[in-house]
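What follows is a short report on a single structure.
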Amino acid sequence: MGSLAVDAHYPDASDHALVLTHPTAAEKEQTWRLNHGEWGGPLDLSAYLKREPFLASTPLTADGGMVHWILTDASPAQSTGPHDKRRVLASCETIRKRVLYVPRSGDEVGEGLGYGIGSVYTYPEFRGKKYAARMLRELGVALKTWPEEEQLQKKRSETRGQDHGATDTSRPGKQPNGQTKLQKAEGKEAVCSALWSDIGKQFYASKGWPAFASEHVEFPSSSPSPPPGISSLLEQSARSHKTSLTLTPVNTSNLAELCAQDEAQLRAELIHHARETRRTAFAFAPEYDVFRWHWAREEFLVSHVFSGRQVSEVRGMIATVTNSVSTNGVAKADAQGGVRMWAIWTRNYGVDAAFDASKNTLYILRLVIEGNGNSPPEPGALQLAFDAILHSALDAARTWHCGTVNLWNPTATVRGLITASGVTHRFVDREVDSIPSMMWNGPDGAEDEKEEAVDWIANEKYCWC
């Protein structure tokens with residue numbers, strides 16, 4: 001660790017002595033100290049050094065759910081300090097996630113592993129040497145069989161009686177304490193890995209992670225909301241004899257139920273898409289632990305940006321619109337043509353977050369329009385539900401000093417609802433930052449066809465890491 005002397009030898013990126021492995025605790029901290037300026041946001045260094053291990057301890061990331069990786073020089077002759085400290089040429093981390101997919105040649109939902117890759121970083125003194133590219137090439141290969149390869153190594157180690165020997169840091173799967181932490185994924189296939197590029201669409205595409213849709217719609221929260229507004233919507237519904245609007249906050253008590261319903265519907269959507277297009281359809285599972293990871297990140301930021309303020313328990317909104325029918329002059333609820341829609345959101349804060357709302361964003365992590373069998377919702381009910389959710393999100397953004405509300409990759413149906421809402425907005429096709437990029441290792445297609453053979457369904461912010 002530390003800087004190299006001016007005349008130090010820089011290994012070539014193709015050197016066979018370079019290895020992909022896992023960092024020690026000290027190496028991880030050194031990397032965090034260096035990348036704090038890029039990803040620390042409103043956190044000072046001390047808080048940032050606390051946040052990173054905190055985020056690695058959530059149910060999603062604990063027990064091997066998050067793995068840290070480095071590219072280093074295995075040759076002892078190239079140590080940079082006392083105790084043979086290694087040069088960390090590049091680093092990143094991966095988060096294990098569950099993936100749903102339907103091959104274009106099938107009609108059943110497969111379930112496997114996907115990996116989110118984040119925090120790709122090269123120490124400043126090593127930039128321009130193509131070390132990050134080397135690390136990613138090896139990581140892409142390693143993740144295809146991870147953690148099966150790790151388990152195989154453990155079995156070999158047990159056979160040789162080496163589990164309690166010296167630390168082996170030259171192979172993926174070995175932790176700094178010499179023990180191997182098994183991933184909880186026996187029998188599941190690693191079908192893909194994804195990352196979100198902040199350096200455009202070309203660099204990672206050339207390494208095997210082609211870019212996917214990167215559009216979002218942005219709603220400014222600072223300008224006055226046009227009528228009707230959430231209060232007017234509720235009042236209007238209360239006076240109406242045709243529709244009834246009910247709003248229910250999303251929180252930890254109902255999140256698991258929403259995730260289960262979302263996944264059931266998403267599975268059906270994947271099957272339908274694959275049948276209709278004859279293309280492989282995949283999605284990251286909208287799981288409870290995934291959303292809780294996003295919320296934990298928000299909670300940590302809020303505790304530092306707004307010290308002493310209690311984090312909001314409202315993490316989204318469910319809008320239920322029920323149509324009414326009149327029988328002998330008495331209005332009764334009718335499920336036909338009604339709709340239930342929900343949004344789950346989180347807040348992110350940038351530099352000077354407490355003083356500059358323009359640096360802060362409320363992200364809609366997931367927007368779901370619940371299916372209603374063979375009875376499609378009436379357009380008016382659908383619009384009312386969407387308007388209620390959108391104005392709820394705008395209210396939550398203003399309350400928590402967020403200048404904008406963002407929704408990633410809205411569907412054609414949602415785009416129509418956005419336009420009809422009358423709320424000020426703009427569509428943005430991101431060309432540089434947070435570009436969803438995915439390497440597909442699952443079934444269907446030869447190597448050079450995979451970019452064209454897979455459709456990413458529900459490509460929304462909840463997938464990001």
When both residues are 6+ apart or on different chains and their Cβ atoms are under 9 Å apart, which pairs have a first residue that lies in region 252-268 and is closer than 13 Å to residue 289 by Cα, and a second that is small (Gly, Ala, Ser)? 255/316; 258/316; 259/285
When the residues of region 376-433 are narrowed to those that are among the hydroxyl-bearing types (Ser, Thr, Tyr) and surrounded by fewer than 16 Cβ atoms within 10 Å (Cβ to Cβ), which ends up farthest from residue 243 (Cα to Cα)? 399
For region 100-112, give me each residue that is closer than 26 Å to residue 63 by Cβ and crowded, with 22+ Cβ neighbours inside 10 Å. 100, 101
Being modelled with pLDDT under 95 and among the charged types (D, E, K, R) narrows it down to one residue among 460, 431, 378; which is it? 378
Flag for residue 148 being over 24 Å from the mean Cα position of the chain (by Cα) and modelled with pLDDT of 50 or more: no
So for region 441-449 (the condition being of a type outside the set (D, E, K, R), within 22 Å of the chain's Cα centre (by Cα) and part of a helix (DSSP H, G or I)), does at least one residue qualify? no
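This table checks each residue for (1) at pLDDT 95 or above; (2) of a type in the set (Asp, Glu).
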{"residue": "309", "(1), (2)": "no, no"}
{"residue": "313", "(1), (2)": "no, yes"}
{"residue": "319", "(1), (2)": "yes, no"}
{"residue": "326", "(1), (2)": "no, no"}
{"residue": "341", "(1), (2)": "yes, no"}
{"residue": "347", "(1), (2)": "yes, no"}
{"residue": "361", "(1), (2)": "yes, no"}
{"residue": "389", "(1), (2)": "yes, no"}
{"residue": "393", "(1), (2)": "yes, no"}
Yes or no: region 110-123 includes at least one residue that is outside any strand (DSSP E or B), under 22 Å from the mean Cα position of the chain (by Cα), modelled with pLDDT of 95 or more and within 30 Å of residue 443 (Cα to Cα). no
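The values are calculated or read from the model by the stated rules, or taken from the named source; none is laboratory data. As the structure is a prediction and not an experimental result, all values here were calculated from the model. Positions of Cβ are backbone-derived with ideal geometry, glycine not excepted, and every protein chain shown enters the neighbour counts.
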